[in-house]
Protein chains: 2
Amino acid sequence: MEKFLQIYNDTNRKLKSINFAFAVIGWDSQTEAPKECFDYRSKQLGTLSEMSYVLQTSKEYVEAINHLYLERENLDKVLSHEIERMKKGVDQIQKVPMDEYVKYCQLMGKSEAIYFEAKQTGDYEIFKPLLGEIVDFKKKYIKWLSTPSKKGYNVVLDEYEEGFTTDDCDKFFAVLKEKIVPFVKTVTKKKLKFNQKWLTKSYPIDKQKEFTNYISQVMCFDLSRGVIKESEHPFTTNTHSKDVRVTNHYYENNFISAIFSAIHEMGHGTYEQQIDEKLDDTMSGGGASFGMHESQSRFYENIIGRSYEFWQTHYEKLQEYYPKQLGKVSLDDFYKGINLAKRSFIRTDADELTYSLHIMLRYDIEKKMLSNKISVDNVPAEWNKLVKKYLGLTVKDDKEGVLQDVHWAGGSFGYFPTYALGSAYAAQIYHKMCQEIDVKQILASGNLKGINEWLKEKIHKYGSTLSPKQILLNATGEEFNPQYYVDYLIEKYSKIYEI
Amino acid sequence: MEKFLQIYNDTNRKLKSINFAFAVIGWDSQTEAPKECFDYRSKQLGTLSEMSYVLQTSKEYVEAINHLYLERENLDKVLSHEIERMKKGVDQIQKVPMDEYVKYCQLMGKSEAIYFEAKQTGDYEIFKPLLGEIVDFKKKYIKWLSTPSKKGYNVVLDEYEEGFTTDDCDKFFAVLKEKIVPFVKTVTKKKLKFNQKWLTKSYPIDKQKEFTNYISQVMCFDLSRGVIKESEHPFTTNTHSKDVRVTNHYYENNFISAIFSAIHEMGHGTYEQQIDEKLDDTMSGGGASFGMHESQSRFYENIIGRSYEFWQTHYEKLQEYYPKQLGKVSLDDFYKGINLAKRSFIRTDADELTYSLHIMLRYDIEKKMLSNKISVDNVPAEWNKLVKKYLGLTVKDDKEGVLQDVHWAGGSFGYFPTYALGSAYAAQIYHKMCQEIDVKQILASGNLKGINEWLKEKIHKYGSTLSPKQILLNATGEEFNPQYYVDYLIEKYSKIYEI
């Protein structure tokens, strides 16, 4: 046991140092690397990946994990859970035939470029053969990795959201279909009357940046352990709890975008900064899952950031930054403007209310593709049918349809559901939070310290030492229950739209 | 042979990817990493170093280099020279006893912290035992690494400036002692009469940054293959010819510092950007030596940047940036201001004329320490004696004396001479350049393209495929000759000071 632990820890130490290099280099690539450097850079990243791969697949490391997995009852809880997670990687290595794995990696090496060409020209036929190959691999992958207790779509889902099953998701989306689909129709039929000229005015970018700094203070995002910078697409990266970085992107004609991107990314960032620093040296640092991470970013962005109470406290400040544009806009009109619900084609532009419907249709299609219910020939038609069904819209072309997201080209099946799950976790967590602390009072206090502290104790500090299901259960006292999400959305939008 | 070449190339590929990670992480550390991240970061860097060390000292890599070294006559010239350079590392590994090496690394791990404490308190006694240990190691190191053709101080000198010997340096410094020491006395006795109020005015930093960008255009520093940023101490870093980064530091009350730091660092940067890109994938990318690198930065900074002709073209532009501060200052007065000669205590603040005298005394002391002519007890007294002798000044305390530089604490013996050699190379190169191209006309043209091109063809493109001696010989048609440097300084300063 001692020997296996030593191999395990020593290999992890090396893997972590390479991961650290990846994180810093990746950050640099997206924020300031000069444009001519990428050929060379990708070669170096290739070599570092190779070194990481050799470590991860080394016989002694695999053997150590297998051994520790069998003995996991004798390990402390944190390590035992970590070993369970690591075992997934080992299984992949052992169960996926090497030649198939190499072929898939080669496919991944060119797939995004092909996808982007298809997207640019709006020609699904360019993407189709590639998608076919990826889906074929995923189907075989599911077969290789299946166990008696984990089969079919559950295999890929579990890789993104540990412990969640197709049953869980089916139930979740069934509730949305029943409650949210018709509610969206009702809401979007109504026309919200308010002064909306301010939405399309020009908002100088230097002031947007200053306001982002103000928001970082409100959120208590710790800049001695973090960085805020710019990039084409906002993102969060972290190397450990004391180095968490977020970016934002500023549009002169869409200042709302930057405000909520900032809150969203700093939501991810706050989660990472509040993870117990003792976990920094383990493989259990970082958030618990994709869904749990998204729950935190969306909690801060939507439930807090798009609440009336938040802007009761901060709207005056925003008006000070933009007296010309917002000086005569009432808080009520501002609140309506940031919460407009609109049926739309593009997921990333969707509002809080309609967002999960975009996910639902992707989930439906993924399941059907992986269980042979539809072939890649029929994916666009299926897509357009579901957009009509869930959102009541007619897709004009594949650019605003099936080609809009890069995920499938990157081999990410089972990932989309975590976006919607995150929003639903957030509502369930918020419900519990309101029972335990006075959220309105905290929002009136000027900063989110009280909220951060509650989340730290209930969720953040655990990092990935517990499964998302376990964290949710511990934090809220009950299993995942999508009803909170439905109730939250209906209550909020009924009020705004006076339904 | 084939097999050894494969091992050699494959190991280099991995070493280069780790070096690449080091360069990007180092850049990040000095320009934007949050202050709380460094404990974790140093652990990761430690692990990456360890991985690099294991590769460098692996039996098969050492064996491959030894074999290729013996067969170097059969390799192409570039590779043959590269192998000669790599052999030095291998010799270190083979000839330095492991336990001594480990002890020295541990010493290095704490030495800078001790040095900084000594510097802060001005107490040489804190630094003395450490310096003693370092010098003891260096003396043993010289013994281990000595060969019939390379002994004593030459062993360490050769590591910084390949092929240069104590004889070369002795001759060089003898000329300086004979010509520059008395000349400095003459110059600094004279008082330069001109309006110098502008030197201490306030120069808003945003304009300094804009002017730095202007300078980057003048120098044709390619921002599609480079970055300019800020840091506490200006530096240049490069990962390869298409990613070269420089920093600057701006002081509101010392705008001259930023201008010449920018030119200096972009001088280093231009060298790196102009190295043949075919060398990016080899171990022969990067400048030829410390001295050659410094020759380029100082050439741009001093010979070009502090020339009258440069400012004839660009001074008006500078006045546009600072009309209040410089509007009424004549070009002549500006030129005098940026070329003031002053005997001073601190090397890094020294002007172009007196700079090399600071190096000279360090060289004298290093040689004496390593050949047992003085003990560490006597280093401060020796220092102060030489400052008196060469600069005519009386050192008040060790802060402005022996404790001012970090180099010895970092184990860098043999490094200082390269600073002065660089200045002297620059003058010799400049002399040849003036015979071949019309430098004045290029300076009048508005940018330095013509100069860059000449330097690229004569020096830069070779990277480190040739020794600095060979490059100098090829570029100028003669061996290193310090007379050019002496002539250049005396001519320039005689004119300014009307001697």
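How large, in Å, is chain A by the Kirkwood hydrodynamic radius built from its alpha-carbon pairs?
Details: mean 1/r = 0.0413 Å⁻¹.
Radius from the Kirkwood sum: 24.2 Å.
In terms of overall dimensions, the C-alpha atoms belonging to region A:142-259 reach 57, 47, 24 Å along their principal axes, ordered largest to smallest.
A helix-only calculation puts chain B at -20000 deg cm²/dmol for mean residue ellipticity at 222 nm, using -39500 (n - 2.57) for each DSSP H run of at least four residues, averaged over all residues. Computed from backbone phi with θ = phi - 60° and the Karplus coefficients 6.51, -1.76 and 1.60, the 3J(HN,Hα) list for region A:53-65 is 5, 4, 5, 5, 9, 5, 4, 5, 5, 4, 4, 4, 5 Hz; x is used for glycine and proline. Approximating the spin labels as points 7 Å out from Cα along Cα→Cβ, the B:GLU320-to-A:ASN254 distance works out to 3.7 nm.
Set the Förster radius R0 to 25 Å, insert the Cβ-Cβ distance between B:GLU71 and B:LYS278 as r into 1/(1 + (r/R0)^6), and round the FRET efficiency to 0.05. Can you show the working numbers first?
Numbers: r = 23 Å, r/R0 = 0.91.
With R0 = 25 Å, the Cβ-Cβ based efficiency is 0.65.
The calculated FRET efficiency for the pair A:VAL175 and B:ASN9, based on their C-beta separation and a Förster distance of 35 Å, comes to about 0.05. This model, with +1 at the C-beta of Lys and Arg and -1 at the C-beta of Asp and Glu, gives the protein assembly as shown a dipole about its Cα centre of some 1620 debye.
Averaged over all directions, how much area does the convex hull of the C-alpha atoms of region A:353-499 cover when projected, in nm²? So the Cα hull casts an average projection of 11.7 nm². For A:ASP332, the distances from its label point to the matching points in the remaining copies are 7.5 nm, ordered from shortest, with each point set 7 Å beyond Cα toward Cβ. Annotation: B:ARG306 carries an accessible surface of approximately 40 Å², with a 1.4 Å probe and no ligand, DNA or RNA atoms counted. Taking all protein chains as they are arranged and a probe of 1.4 Å, the heavy atoms of B:PHE221 leave approximately 10 Å² accessible to solvent.
For region A:267-309, the residues whose amide N sits under 20 Å from a probe point set 7 Å from the Cα of A:ASP332 along the beta carbon direction are A:306-309. Here are some pairs, B:LYS14/B:LYS59; A:LYS95/B:LYS16; A:LYS209/B:LYS209; A:LYS171/A:LYS373; A:LYS77/A:LYS278; which of them have Cα atoms lying more than 23 Å apart in this structure? Going by Cα-Cα distance, A:LYS95/B:LYS16 fall outside the 23 Å limit. Semi-axes of the equivalent ellipsoid for region A:78-197, computed as √(5λ) from the eigenvalues of its C-alpha gyration tensor and ordered from largest down, come to 36, 26, 14 Å.
Label-to-label distances for A:GLU125 across copies, nearest first, come out at 8.8 nm, using points 7 Å from Cα in the beta-carbon direction. Were the residues from B:GLU436 through B:ASN474 laid out at 0.36 nm apart, the gain over their Cα-Cα distance would be 12.3 nm.
Given +1 on the Cβ of Lys and Arg, -1 on the Cβ of Asp and Glu, and no further charges, what dipole in debye does region A:400-474 carry about its Cα centre, rounded to the nearest 20? All intermediate terms of the calculation are to be shown ahead of the outcome.
Working: 7 positive and 6 negative charges, 60 e Å.
In total the dipole reaches around 280 debye.
Residue of chain A with the smallest Cβ distance to the axis mapping A onto B, distance rounded to whole Å: A:ALA21, 2.
The tail of the calculated P(r) for the protein assembly as shown, taken as Cα-Cα distances beyond 38 Å, holds 56 percent of the pairs. For A:LYS229, nonlocal amide neighbours, meaning residues 5 or more places apart or on other chains whose placed amide H falls under 5 Å from its own, are A:VAL246, A:THR247, A:ASN248.
Residues of region B:304-337 falling in the label zone of B:GLU491, defined by backbone nitrogen less than 20 Å from a point 7 Å along Cα to beta-carbon, are B:304-313, B:335-336. Inter-copy label distances at B:GLY163, shortest first and taken from points set 7 Å along Cα to Cβ: 6.8 nm. Measuring r between the beta carbons of A:THR394 and A:ILE205 and using R0 = 41 Å, the FRET efficiency lands at 0.70. Accessible area of A:LEU145 (1.4 Å probe, protein heavy atoms only, ligands and nucleic acids ignored): about 20 Å².
If you sort the three axes of the alpha carbon gyration tensor as a ≥ b ≥ c, you get a/c of 1.5 or more for region B:118-174 and a/b no higher than b/c, which makes it oblate. When the alpha carbon coordinates of region B:279-400 are projected onto the principal axes, the ranges are 56, 49, 20 Å, largest first. When B and A come together, around 3400 square angstrom of accessible surface is lost from both chains combined, probe 1.4 Å.
Amide hydrogen proximity for B:LEU393: with H placed 1.01 Å from N in the peptide plane, the residues at 5 or more positions away or on another chain lying under 5 Å are B:LYS388.
Roughly how many Å² is the accessible area per residue of chain A, as a whole number, for a 1.4 Å probe?
43
How far, in degrees from 0 to 90, does helix B:255-273 lean away from the longest principal axis of the Cα atoms of chain B, to the nearest 10? The answer is roughly 40 degrees. For region B:1-122, the Cβ-based charge dipole about the Cα centre amounts to some 100 debye (Lys, Arg positive; Asp, Glu negative; other atoms uncharged).
Take every Cα pair under 8 Å in chain A that's 6+ residues apart, average their separations, divide by the length, and report that relative contact order as a whole percent.
Relative contact order for chain A comes out at 20 percent.
The values are calculated or read from the model by the stated rules, or taken from the named source; none is laboratory data. Note that the structure is predicted; figures quoted are calculated from it, not measured. Note: ideal-geometry Cβ built from the backbone for every residue, glycine included; neighbour counts use all protein chains shown. To get the accessible areas, we keep the full protein, side chains included, count just its heavy atoms, and leave off ligands, DNA and RNA. Shrake-Rupley method; radii C 1.70, N 1.55, O 1.52, S 1.80 Å.
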